[in-house]
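Student: Next up is a structure, given as C-alpha cells.
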Amino acid sequence: MSDTIRNELARLKAAPVETRAQVLGALAELQALTGRLLSQRDAVSAELATLSRGITAVSAYAHYRTTKGKRS
C-alpha cells in the first residue's frame with residue numbers, strides 16, 4: 001500500500017464518525033456509478049461493432065461497384 005493511501009486511511013480513521021459516513025456514502029455512490037459506466041461501455045462496444053460491420057459491408061459494395069467488369 002502506498003504512503004499516500006496509508007496517510008489518507010489514517011486521516012479517515014481519525015475523522016469524526018459523520019465524516020467517515022460521508023466518505024463511505026461517497027464511495028458507495030462511486031461504486032454504483034462505475035457499475036453503470038461499465039454496463040454502458042459494453043453496450044457502446046456492441047453498437048460500435050455493428051457500425052463497423054456496416055461500414056465494412058458498404059465499403060466492399062462500393063469497391064465492387066467501382067471495379068465491376070474491370071480486371072485487376
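Student: Testing K70 on (1) modelled with pLDDT of 85 or more; (2) not in a helix (DSSP H, G or I), one condition comes back false. Which one is that?
Tutor: Of everything listed in (1) modelled with pLDDT of 85 or more; (2) not in a helix (DSSP H, G or I), K70 misses just condition (1).
Student: Criterion first (in contact with a Ser or Thr (Cβ under 9 Å, 6 or more places away or on another chain) and among the aliphatic types (A, V, I, L, M)) does L24 satisfy it?
Tutor: Spelling it out, it is not the case that L24 is in contact with a Ser or Thr (Cβ under 9 Å, 6 or more places away or on another chain) and among the aliphatic types (A, V, I, L, M).
Student: Counting only residues that are outside any helix (DSSP H, G or I) and among the hydrophobic types (A, V, I, L, M, F, W, C), which one in the range 1-52 is most open to solvent (accessible area, probe 1.4 Å)? Steps first, please.
Tutor: Quick first cut of the range 1-52, residues outside any helix (DSSP H, G or I) only: 1-2, 15-16.
Filter once more, so that each one left must be among the hydrophobic types (A, V, I, L, M, F, W, C): 1, 15.
Values: M1: 139, A15: 17 Å².
So the residue we want is M1.
Student: Let me ask you something else. For S52, state whether it is at pLDDT below 90, under 19 Å from the mean Cα position of the chain (by Cα) and polar (S, T, N, Q).
Tutor: Judged against the criteria, S52 is not a match.
The values are calculated or read from the model by the stated rules, or taken from the named source; none is laboratory data. All of these numbers come straight from a predicted model, not from anything done at the bench. Note: ideal-geometry Cβ built from the backbone for every residue, glycine included; neighbour counts use all protein chains shown. When the accessible area is computed, the model is the full protein with side chains, heavy atoms only, and any ligands, DNA or RNA have been set aside. Shrake-Rupley method; radii C 1.70, N 1.55, O 1.52, S 1.80 Å.
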